[in-house]
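Each remark here refers to the structure printed beneath this line.
The values are calculated or read from the model by the stated rules, or taken from the named source; none is laboratory data. Given the structure is predicted, the values throughout are model-derived calculations rather than measurements. All Cβ positions, glycine included, derive from the backbone under ideal geometry; neighbour counts span all protein chains shown. Heads up: the accessible areas ignore ligands, DNA and RNA and are worked out on the full protein's heavy atoms, side chains in. Shrake-Rupley method; radii C 1.70, N 1.55, O 1.52, S 1.80 Å.
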Amino acid sequence: MSEPLKVGDRVSWGTSQGRTRGTVEERRTKDFEFDGQKFTASANEPAFIVKSEKTGAGAAHKGSALRKLSGK
């Protein structure tokens, strides 16, 4: 990741159905639970809550799983 992700950035990530696109909704820097799963996060390795453009569903991902898309 060349520059840090921030709320509002458009990103893509892999799913079992292929790549999907969405928007960063939140940046988390402490361990948390989302949709029944536990996630670890820190200031050095934040996690992100993203919202799918196609379905509107939320998901949590580490920054390394997200690719920033150019443009809005």
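Summary table below
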item	result
Members of region 48-65 found to be hydrophobic (A, V, I, L, M, F, W, C) and closer than 13 Å to VAL7 by Cβ, listed by number	PHE48, ILE49, VAL50
Scope region 22-55; condition without any contact (Cβ under 8 Å) to a residue 24 or more places away in the chain, open to solvent by 40 Å² or more (accessible area, probe 1.4 Å) and under 13 Å from the mean Cα position of the chain (by Cα); matching residues	GLU26, ARG27, THR29, PHE39, GLU45
Scope region 24-37; condition out of contact with any Asp or Glu (no Cβ under 7 Å at 6 or more places or on another chain) and assigned to a strand (DSSP E or B); matching residues	GLU25, GLU26, ARG27, ARG28, PHE32, GLU33, PHE34, GLN37
Qualifying positions in region 5-21 - open to solvent by 90 Å² or more (accessible area, probe 1.4 Å) and of a type in the set (Gly, Ala, Ser)	SER16
